[in-house]
Structures are given as structure tokens and as C-alpha cells.
Amino acid sequence: PRAVEDWLAEDLVFLEQLRRKELDDSAREKEDLAASDSGGGQKHSSNSTTTGKKRKEGGRRMEGEISDGPPPRLEAFNPDPVTNATNTTAGPTETFVVISSSPTKEGPRNSVRLEGRRRFNRGLFIIDLRHMPAGCGTWPAFWLTDEANWPVNGEIDIVEGVNYQDTAKTALHATRECVMDDVAEGSKTGSWDTSIGIPDRKTGIPDMTFRWAQNCFVYDPHQWLNQGCVATDLKLEGRSLGMPLNDNGGGVYALEWDGQNRHIRTWVFSPHNRVPSNLRDAMRTATLVEGERIAPDTNLWGLPYGNFPIGEGTNCPASHFKNMRLVINLAFCGSVAGNRYFMDCPTKYKKFKTCEQYIESQPEELNEAYWKIRGVYVYEREWVRQWN
């Protein structure tokens, strides 16, 4: 097991690499501007690379992209003994919940949605996956919401992806006066989504001003409608969601919603041999009696990729998020995956002009449209449970 010092050291090295890359990019931009101003008309080419490369449509890797090798052998969580005919133990196995959707006689597939009954105002929410829906037309999500009082009571998207997206994101959606412009430097390994090209409400002319998506207000005029504040993973960029995550045997997503300690924080670990030992042990012992369980401690997991300050002394009151329940869903097309279909799936678009037509064609790729979940774990602080 890796000590917490190892995780923190790795995260600090990663942050230093990001800082140096930003300095290099800034210097390169200055060189490009100088070259342009000189009248030569020729810009210097950039040799910078990114961890996550855009994957070709429907493919696992771009040509020339270096493979990380075969997925590692996974160590089972909570192994269940299998008894054979002679009543001897045949060895450990695992049980899963699989969520998928088959074609109907009419052609389309029905979306699937599981909703929790219990309401939450705080907690640590963990999902251990071996596979998540991926591919053109898919829109899976693991999230928290109070839809009857949306957006007044907020929404927290723990993990969400559409089509061929391959990098994990976490988004918060709220009413006015919830802005993430006060995040402490060095408190996360990720970045923010961007808002560029937003049409002006009066003229319709796209505003090409570069902005980070740090305003959680769903109707912020300088962001896309209902974009919210969106943290993006950088450490595992290009392999923390969708097909690349499945290639690595899945992973673990975790979100800590803690208004008392004034933050919402989010992590992703993939492949499973990167799961911190404390988190691994907490999941492994979750079904044991209370005295034998190992409590999760997020301070032992390294830095989160997303850090959202909420509560007293921040620019987002904790009251923006309350009375929410967990939802796991698998949707097809819709307002996001469907609207992005023509640009995310250009090859399919040449043959099928709408996302719905593509889904109705029963493509083989939709065999990848399923959740395979080892477990969902929810924790609340003991002193909070006593208050409730």
C-alpha cells in the first residue's frame, strides 16, 4: 500500500509539471506574436504535447498513439466464496449490477434510470465501476438532484459523459451567487471547463472571449445554458471516462460533499491498482459489522481533481445544495448527446442525419452501452448522523 506522502508527492510533482508547461506555453505564445509582428508571416510550430489525445471516432486509439500496455490484473473487492458440488470453496468471485437497454420492436432503445429514495444534504459518494456506457449516442451519469426543486436546491453531477468523451468532469448547477473564483492554488490537480463562443442575447454574435466555466448559475449569460461550474480531470486526461476507462478495467469515482468543512471535492482513480489503500479497504469492509469496517479518510487519497469551495467565507453559500437523491441513468441522444451528435460522430452523421436514426439502426457499437457496477457506497460523518 502506498502511504499518503507518496500520493501527495506525486500530486505535487504533477502540479509543478503543469506550472512549467504553462510557462513554456506562455513563452511560446510570445515568440509566435513576435514572429507575426516581424512581418515574416510565419509562426513557430509548437512541439507541446498533451496527455489526452483526441480519439478517432469509434476507435480506441489514434494512429501513432503509444499504448500503455494491457490492462493490469485486477484485485477483487469483497470476494464472494463460490461453493461447488462437493461443498468446497472454488475461489473468490465478484458480483455486479449491470444496467443496459436492448432494442425495442420499433427500433429505439429506452433510457434507464435508477433513483434513490433517501435524501442527502452532505456525504461521501463512491461508485466502483468495471464498465460504463460509452460510444456515439450514449449519455450516462451518476449524479445528485432534487428535480422537483431544480435549480433552487442544486444539482451535482459526480460523473457524466456523452458520446466519445474520455476525460472525467464534475459539474455543479445552482441559482445565482455561486461562483468558484476563490479556489486555493495547489488544492486540486484538475482544471476548469471553458466557455467560448457564447452567442450574444441581443445580436446573436458569438462572444469569443476566453472564460473558465466557474459560475454555477445555470443561466449565467457568459456560459452555455445550464453549463454550471465544471471541474475537469488533468492527471488522467484522456483515460478517465468512457472507452479508455473501460479499456483499463474501469475505475472508482468519489465525491465529498461537506458544507461543514466548506468544500465539495471529487476524485477519479483508474485502473484499480491506483485506488488508495484506505479507499480500497473501506469498500472491501463496507458490508461488515460496524466495529470491523474501515472508515474512508479522504485526507489519505491525495489531492482531488475538482475542488469547489462552498459555505461560510466562500463565494457560494452551502444552501445552494440540499435535499438531493442519487440517480444512475443511461440515456440516449437527448439535449446533450443528441445536439453534439453531428460534431462528435461525423462518420455516423454522413449516413444517419440524426442521433435517433443512428440508435434505431441497432449498431454493434451500442453493445458498449452498459453500466457494470461493483458497488455504490455512501458515507456520512458520525456526528452528523447523530444530529439528524
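The values are calculated or read from the model by the stated rules, or taken from the named source; none is laboratory data. Owing to the predicted nature of the structure, the values given are computational and were not obtained by experimental measurement. FYI the Cβ positions are ideal-geometry reconstructions off the backbone, even for glycines, and counts take in every protein chain you see. Just the protein is used for accessible areas: all its heavy atoms, side chains included, with ligands, DNA and RNA removed. Shrake-Rupley method; radii C 1.70, N 1.55, O 1.52, S 1.80 Å.
Kindly provide the trypsin sites (Lys or Arg not before Pro) of region 195-300 that DSSP labels as loop, not H, G, I, E or B, and whose Cβ sees at most 12 other Cβ atoms within 10 Å. Present the calculation step by step, with values, prior to reporting the outcome.
Values: sites: ARG201, LYS202, ARG211, LYS235, ARG239, ARG262, ARG265, ARG274, ARG280, ARG284, ARG293; in loops: ARG201, LYS202, ARG211, LYS235, ARG239, ARG262, ARG293.
When the trypsin sites (Lys or Arg not before Pro) of region 195-300 are filtered for loop state and at most 12 Cβ neighbours within 10 Å, ARG201, LYS202 remain.
Would you mind calculating the gained length between THR194 and LYS351 on full extension (0.36 nm times residue separation, minus the Cα-Cα distance), in nm to one decimal? Could the numbers behind the result be given before it?
Details: separation 157, 0.36 × 157 = 56.52 nm, distance 3.10 nm.
Full extension from THR194 to LYS351 adds 53.4 nm.
Under a 1.4 Å probe, what is the accessible area of region 297-388 per residue, stated in Å²?
On the way: 4690 Å² over 92 residues.
That works out to 51 Å² per residue.
In Å², and per residue, what accessible area does region 132-232 have when probed at 1.4 Å with the other protein chains present? Write out the running numbers ahead of the final one.
On the way: 4190 Å² over 101 residues.
That works out to 41 Å² per residue.
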Using a basic spin-label model with each label point 7 Å from the Cα along Cα→Cβ, how many nm lie between ILE205 and ASN273?
5.6 nm
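At a 1.4 Å probe, what is the % contribution of carbon and sulfur to the accessible area of region 147-234?
Details: 2210 of 4130 Å².
The computed percentage sits at 54.
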Please list, in chain and number order, the residues 5+ apart from THR194 or on another chain whose amide H is under 5 Å from its amide H, with Hs placed from the backbone.
ALA213
Accessible carbon and sulfur surface of region 259-388 relative to its total accessible area, %, 1.4 Å
46 percent
For region 331-340, take each phi angle, set θ = phi - 60°, evaluate the Karplus expression 6.51 cos²θ - 1.76 cosθ + 1.60, and give the result in whole Hz per residue in order, putting x for glycine and proline.
10, 10, 6, x, 6, 10, 4, x, 5, 8
Extension reserve of the ASN121-ASN149 stretch, reckoned as 0.36 nm per residue once the Cα distance is removed
8.7 nm
Report the label-to-label distance for GLN260 and LYS372 in nanometres (one decimal), using points 7 Å from each Cα along the Cα→Cβ vector.
3.8 nm
Hey, what do the phi angles of region 140-153 turn into as Karplus ³J(HN,Hα) couplings, whole Hz, using 6.51/-1.76/1.60 and θ = phi - 60°, x for Gly and Pro?
x, 7, 10, 8, 10, 7, 10, 4, 5, 10, 8, x, 4, 8
